[in-house]
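One structure is given here, and the rest of the page talks about it.
The values are calculated or read from the model by the stated rules, or taken from the named source; none is laboratory data. Source: prediction; values computed, not measured. Cβ sites come from the backbone with ideal geometry, for glycine too, and all protein chains shown count toward neighbours.
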Amino acid sequence: MKKTFLGIGILIYIIAIVIVIMAFSVVRVWNRLNRDYQMVEGSKSHYSAALSTCTEKIKGVWEIADQYLNHESETFKAVAEARSGYRAAADAFEQAMSGNKGSEELTKTGADVVKAALAFRIQVEAYPQLRAVETARENMRNMEEAVNEIKTALDDWVTAIRDYNTYRGSAWPSIVGSFMGKFPSKLEYYQGDITKLNVDELNPQKTKK
């Protein structure tokens with residue numbers, strides 16, 4: 001009789017140990033699935049944020065480019081007009097000199113040359129301040145960083161999905177996970193952009209047309 005009670009006690013003890021081990025195992029599986037699932041969601045959010053940031057940078061690139069191109073166009077036009085005015089004033093002064101014009105005519109044409117020269121100088125001095133090419137390069141560097149961030153975020157997202165699916169599909173996690181509605185048996189891999197990125201639509205000049 002004692003042996004029977006002893007055997008039952010040992011059996012109950014073993015069953016208790018097995019239950020405790022299984023409970024710890026289930027908790028461990030839950031924690032791992034929860035961690036991997038949150039990692040997937042976080043990576044997805046990071047990718048979405050990176051795409052949004054890149055979109056805003058593209059808008060900024062268009063805006064800055066338009067501003068500099070307009071400024072450069074206006075300055076080039078002003079420089080060309082100033083150069084043309086100076087050339088015309090200089091020709092008029094040379095003609096006045098060669099035509100033996102009076103002092104009044106020479107003074108007038110000479111003053112016109114000085115005015116034209118000053119106007120030309122003002123425009124030329126403004127020219128070195130134009131940074132359209134440098135600005136374009138800087139914007140392209142920013143764009144490259146944004147695109148790289150998107151690629152990194154996308155790689156992290158895909159890796160997180162792979163890790164989740166691999167663990168969720170394993171034997172014990174698959175059995176335990178089947179009783180956990182929170183964690184799907186499989187997450188679909190990235191198939192396309194969360195937000196359609198249309199570069200032309202981000203160009204304010206094309207949008208106005």
Query raised in the report: Out of the residues in the stretch 154-209 that are in a loop (DSSP other than H, G, I, E, B) and farther than 25 Å from Tyr47 by Cβ, which is modelled with the lowest pLDDT?
Result: Lys209
Query - Pair list, Cβ under 9 Å, 6 or more apart: the stretch 152-166 residue over 20 Å from Ser185 (Cα atoms), other residue of a type in the set (Val, Ile, Thr) - result: none
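Residues checked against (1) in a helix (DSSP H, G or I); (2) surrounded by 13 or more Cβ atoms within 10 Å (Cβ to Cβ); (3) among the β-branched types (Val, Ile, Thr); (4) more than 55 Å from the chain's Cα centre (by Cα):
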residue	(1), (2), (3), (4)
Gly7	yes, no, no, yes
Ile12	yes, no, yes, yes
Ile19	yes, no, yes, no
Phe24	yes, no, no, no
Arg28	yes, yes, no, no
Asn34	yes, yes, no, no
Met39	yes, yes, no, no
Query - Any chance Tyr86 is aromatic (Phe, Trp, Tyr), crowded, with 17+ Cβ neighbours inside 10 Å and at pLDDT 75 or above - result: no
Query raised in the report: Among Asp36, Asp91, which is over 30 Å from Glu188 (Cβ atoms), acidic (Asp, Glu) and at pLDDT 70 or above?
Result: Asp91
